[in-house]
Structure formats: structure tokens, C-alpha cells
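Have a look at the structure below, then the notes.
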């Protein structure tokens, strides 16, 4: 299964060999990951600020630098999510120039995975796969199921058995076949490598992975455009497989090369949960990545042996950035901080990113006045179990003014007694 | 509490008296609802296709025809949600030219209420309210809580005691005060009318209601712009308070008046749940609206005595449209149909709209070739309880190829036995 294309092709990261466009996950010679490379000079004059502004308000405005087969007519308005100035969160964590890139409201399934899946499925169709699928920690499952449904392609999705209920339901509702595996993501992923070969399925993050991963570049393109065509000083990115952080950097480099933004140093900061922190540990100890057995509430980041982990950790240090990991308690606080200050409800992965950002400022790794973007990659409604027990629902009162007056006095009294607890986002008795 | 403004002001729907800009819910003389009126001729030349295209990719591009106080700098990128061509859903329900306006991914809280709240809170700040709030069936609660958090304003929110868990959590997480009322929405709403006066709070859908409601026009503006500056033949809109459907029409009329679109007849179709169908019954019997006691899983539409119900029902008939209501079972099927065909996961209200649309085509109320837009107003992750028991999660298998092969055979065998059930979106055994 292959197709020819003059604009881009696969290239081995290690040995440099080129492969045209085929459904393979790694270099058959040296087993290294493959990367999509473009004839960037040919794109000059076609990928400009003006041509992009004339495009639709979604990721397809950047189509010229995505591996999209000739003739593909994208009609799903994925991405172009808000970049919001986060003054109130900034004040709380000591940041004067902070932005949130909010993929918690990404179309269609509320995570950045919608970007990668739409690029992968464009290729799945071109390669002629009649069944698509993935190994997933949840968000990818949702996105593959939804987008395959819209295209009328069969989807078969493999997940760790302990996935959150909302993510399971949000896969089944699209009519996808969901297969639960008794093991963690790394077990699921290994199984999928075998399945892709045996069944000739298009698994977006296995044999379509090089195409899939390119979709993440759109986060970087959007950040630069939404900042008024300039690069930030710092980017804080959650890390599961380690691909997103790399691809944002690739996007920035392409923009610099083509003259859409001015070149400047950008530091990349990676965020993980302490319960699954192979990349963050590698960065902090400046050593080879050692796989871990995941144990964290941030299940969407629970990849113990991330495919792009080694490259990501090197890249982070190369840019002068850093990585951090936070405990499950801090993850929940991070979710609450972001909601209470910016009105953005994120899933556990976003709690990781927010809490890590707070620590980076606290430790002086990021200077307060620098322009910093934190990437929120998924929606809080997908992981409500992680925080539900932090909130107590108060008793119901009768719809009478006297009852309301009395109850309000009770509430205000209670909040006066424990003002610090309230501020810290602790348990609320309502 | 009032402010002066040359661009717009309050006017009584009944007696025509004008009130400037004040925080009041109805006409103090005749108790009728108030409406925002504009000097439309003054807007000519300022509200053009070009000026709109030059604006941001959110509702603020239509600011000139929203009641936004001078000097207000909107910085929250609300709205401009996808309008997607729905070919697969269309095929299933007999529609050849169907679009879905998808507010299930609206920023920041995944419902169309984000539009109205942002306009209301701009005015709440102008009026100087230090506490804001609302009576809500859920989506409004989420949006007020989130947007008030971002503005750093205190929010106090009243809801019926039986609200869905996800909507309660998605209010508390922003740090809002949530007060549960032992009663239905109409009880809550009456109580709020008293509270607004006694406490001098800015309740978005009570004393800020005329401003709030105008935010819904942006759905109409966006539909017209996203169709390439033309009006559809039909719009299918869910009805709770009855405001959204009216305001979409108001938006279309303003666009026609200012010459942004060509005038043409547009039929409006209202969708309700049978368990709370005061407006739909009024339309179908061409009679006065009679309040109902709600009993439906579509809790976000469960308003038994809708404020704008009488006007909405008259308006629907005036346009040559119709209204329908569907049972709870059909609502669930509607959710599944939309998810399985278009990859859009909507809440119960969207299930209502989808199922009603299907019936309108089946009954010949809408012709197959006409351009029809159905408005999906909220996200499925907010009402997972309504459909969770329709799906059975299969057993977990070991991460071995042999186990996978055997399990897949089982699944494929099972789906061959019950093909009709699978197609009808029934219970799946996975």
C-alpha cells in the first residue's frame, strides 16, 4: 500500500533512507521512527501569512505543510482552538505573560487528538484501508471512533481495560468496536503492532503513525499565528508518547524557514505525572530514558515506554527547556486552579500541565515576563471521576425566599470560617 | 443601575415604551418581555461582510449588532462553532442538503449558552453587579460559573435538585456557589426573580435577560455567514425558554435589512421533548400555550412555562414552519444516530433536535432538497447517564494475538447474528 506524491515523503530519522508514502510504522532497516519530510522550498510562496489567512478557520488552512494526499477535500473543521491570555492564572502562579492553548474544546471530540486523527484518516483512505483503529489511552479512541463514523469506515479500537467510563462511552456511542485489553497502554500498543500486519488495518498510531504525528504541528502553527505571527519564549506541553512537543517545535522551525515568523530561541518544557514520568526523569537526570510501569490518575499520559520519549528528552535539553512531573494530588489542584481562574475545565492531563507550569515558575525555570504558552489538550468532562469526590453537593432547599435567605447565611457563614480552604480550592460544603 | 448608549436600548414588546439601558427583566407597565432595539440604519456601512470577515473568528465579529457597552474589550473567543454538512445523517433521514450547527464544541463550556452569557456578563460589569448568577437547567449554570470565574466575579447559581451529575460538577469546579432547589426549573426561576430584586444580583436570565437573549443571534449570523452569506430554507431548533429560535430569526432579519443576505422565506421548526412540550403543543394545535409539569430526560429543555413560548409558537406558524416533540426513547436514538453518522456526540437536547428533524422529513414537513440546518446546542459528555445503560462493556482480554483473534471472531459472529439491532443503534455486546 503506497502512493506517490511530490510534496512530501517518509524518511528514516536514523539512516536517512527515504520510503515514498507507505503505511509503515518504522524503518525496516534500522527500526528507527520515520518522519515526513517536505520540499520546503517548493512550499515557499504557497505557504504564506496571506494564503493561510485566506483559508478556512481550521487546521486545513495549513494543509500545504501537512501530508495530505492530492485530491483530498477536507470537510471536517478540526482545530483552530482558542489561544487565551491567562491573566488570572498568571497572577496565581507568578506569570505576567501567560497564554492557554485550549484544545479542551477541539472539534469534534474535545482533544488535540482530533488533529492527528484527521490527517491519519485522510491517508488511511488514500491507502485503501477499510478498517481503521488505534491503541489508545482514551482521547485517541474517541477521535478515531467519531471521525471514522463520519467517513463511514469501520473502526476497531483497543484500550487498557481500566479506562475512564466517559472515554469508553464516548467511543461506543459512535458505533465503534471497542476491545479492552487486560494490561497497560504499552501492552495494548505492542499487540496493535502485530494486528496492523496480520489484519491489514490502518492503525493511526501504528502503521499510519508518521502521518498521524504530523497533525500535531497544527498546534504550533496556530500558536504562532494567534500570537500575531511570532513565536513565544516558552511552551509547556504534556507528554505521553512524546510526539506533540517535538511536532510543535517542527512547526516553529518550518515557519522560521519559510519566513513567516522571526527566528528566536524557544524553550520547550515537558509535563508528566510522577506516576508515569520516563521522559521527565530522563530530562532531569540528563540520561537515557528508562521505561516505567504507569500508576497515575492521568491515564491519558500513562505511556510507560513512549515511542518518541528519547528524542523528546534530548530535544527539550537542546532548547534550554526542562521537564517536571507532579503527583496525583497536584494534578487535581491543577485542574481546579485552571477552572477557578480561567473558566477552563480540563482533564487530568491538563491538570498535569497546569501544575507543572506553576512549579516551573516557582523554581525560576521560566521568567515571569516571558511569553509562555501552556497546552491544554483535553476536556475535564472526560475524567470527572478524578475530581468528583472533591466536591460535596449541598442539600436541596425549598423554592421560598425565607429558605433561600437562611441557606445563604449558612453558606456565607461557612465560607467565612474557612477562607483559606476555599481559596486553596479544597473541599467545599455546599 | 443604568447606562446610556446611542447604538441600542430596551423596548417593550407590547406597549412599545423605551427604557434606555437598565437591569430589568420586563416592562414595569405591562409586564411584557423587553427587547433590545438598534439604530440599524446607523449600523449600515459598519456591519458589512467585509468588516465581519476582518473581525476575530468568534462572536465578537458581530459585536456591532450586539448590546455591548462602549469600551468593552471582549477577550474571550466564544462561538464561531462549526457548521458541518451532514451527508450521512441526511441519507439516514431522507435529507439531501442537511447541515449541523455544532455548539457541542462551543468555547468555553460546550453549549450555546456561552454566547448569551458572554453578552450578559459584559452588561453585568457595566451595571456594576458584584455578584452574578442564574436559574439554570445545567448548561447555563456551567457557562455562568466558568465565565464569572475568568472575570473574577462571584457567581451564585440556582438549579433544580435533580440536575445531571456532570452538570453539577461542571459548575462547582469553577468555584461557583451552587444552590439546589427542591422543585423544577419553573420554581427555581420564580425564586430567582425575587432574589434579583432583594439581593441586587445580576441574574443573567432574569434582570439581564434582554441583553443575554441577544447573544443567541450569533447562531443565526454564523449560519448565514458559514453558508456563504445566504439563508437556509429551514432551521430546526430545540426549545426550552423559546428564546433561541426567535433570536435566530431576528438575526436573519437584520442581515436582510442591512443587505448582507438576500431576502427569502425561511421556515422555523421547533423541537421539544414530549415530556415537556408546551410550545410544540401550542404550535400543533394552533392555540394558546398551556404550561406543563416537565417529565423528560432532556432536562436542559425541561421548562414547563417558557417565557418566550407564546411568541415562539406564533412566530413558528407565521414562517410556515412546525414543531414536534419526541419521546425519551427517541431522544436516545437521536443521540446515537447523530454520533454514528456524523461523529458528533450531543446531549439529550441534541437528541431531541435530531429525532424531531427525522420526523419532520418523514412527515413531509421538510422537503428533501431544501437547505436545512439543525442546531445542536450542547455536548453529550454532560448527560452520559441518559445513554450509559444502552452500552455493555465487554470483558477484557489478555494482550496476546491468539486471544485477540479468538475474541474478534466472537464479536464478528455476534454482530452477524443481529445485524438489524446493530444498525438500529440498539444494545451492543462487546
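Data table
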read-out: Some residue of the range A:292-301 being under 27 Å from residue A:28 (Cβ atoms), touching a strand residue (DSSP E or B) at 6+ places or on another chain (Cβ under 9 Å) and at pLDDT 95 or above; value: no
read-out: Yes/no for residue A:147 being in a helix (DSSP H, G or I), surrounded by fewer than 24 Cβ atoms within 10 Å (Cβ to Cβ), out of contact with any strand residue (DSSP E or B) (no Cβ under 6 Å at 6 or more places or on another chain) and at pLDDT 95 or above; value: no
read-out: Lone unmet requirement of (1) closer than 18 Å to residue B:307 by Cβ; (2) crowded, with 16+ Cβ neighbours inside 10 Å; (3) out of contact with any helix residue (DSSP H, G or I) (no Cβ under 7 Å at 6 or more places or on another chain) for residue B:14; value: (2)
read-out: Residue within the range A:226-239 that is within 14 Å of chain B (Cβ to nearest Cβ), assigned to a helix (DSSP H, G or I), within 21 Å of the chain's Cα centre (by Cα) and modelled with pLDDT of 95 or more present; value: yes
read-out: Those residues of the range A:55-76 which are within 12 Å of chain B (Cβ to nearest Cβ), out of contact with any helix residue (DSSP H, G or I) (no Cβ under 8 Å at 6 or more places or on another chain) and more than 13 Å from residue A:218 (Cα to Cα), in sequence order; value: A:56, A:73, A:75
read-out: Hits in the range B:143-178 (condition: within 19 Å of residue A:382 (Cβ to Cβ) and more than 7 Å from chain A (Cβ to nearest Cβ)); value: B:143, B:145, B:164, B:165, B:167, B:171
read-out: Checking residue A:80 against (1) in contact (Cβ under 8 Å) with a residue 40 or more places away in the chain; (2) more than 10 Å from every other protein chain (Cβ to nearest Cβ), the condition it does not meet; value: (2)
read-out: Test: residue in the range A:126-139 that is surrounded by 24 or more Cβ atoms within 10 Å (Cβ to Cβ), assigned to a helix (DSSP H, G or I) and more than 10 Å from every other protein chain (Cβ to nearest Cβ); value: yes
read-out: Complete set of residues in the range A:33-43 that are surrounded by 12 or more Cβ atoms within 10 Å (Cβ to Cβ) and over 23 Å from the mean Cα position of the chain (by Cα); value: A:38, A:40, A:42, A:43
read-out: Residue match in the range B:101-122 (condition: outside any helix (DSSP H, G or I), touching a strand residue (DSSP E or B) at 6+ places or on another chain (Cβ under 7 Å) and over 26 Å from residue B:353 (Cα atoms)); value: no
read-out: The listed residue being surrounded by fewer than 20 Cβ atoms within 10 Å (Cβ to Cβ) and over 25 Å from residue B:370 (Cβ atoms), out of B:264, B:293, B:284; value: B:293
read-out: Unique match (being at pLDDT 95 or above and within 15 Å of residue A:165 (Cα to Cα)) among A:364, A:380; value: A:380
read-out: Residues satisfying the stated conditions in the range A:172-194, i.e. out of contact with any strand residue (DSSP E or B) (no Cβ under 7 Å at 6 or more places or on another chain) and part of a helix (DSSP H, G or I); value: A:186, A:190, A:193, A:194
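Here is a yes/no grid of residues against (1) surrounded by 14 or more Cβ atoms within 10 Å (Cβ to Cβ); (2) over 24 Å from the mean Cα position of the chain (by Cα); (3) farther than 30 Å from residue A:338 by Cα:
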residue	(1), (2), (3)
A:19	yes, yes, yes
A:29	no, yes, yes
A:45	no, yes, yes
A:62	yes, no, no
A:67	yes, no, yes
A:71	no, yes, yes
A:77	yes, no, no
A:81	yes, no, no
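The values are calculated or read from the model by the stated rules, or taken from the named source; none is laboratory data. Computed from a predicted structure; not experimentally measured. Cβ sites come from the backbone with ideal geometry, for glycine too, and all protein chains shown count toward neighbours.
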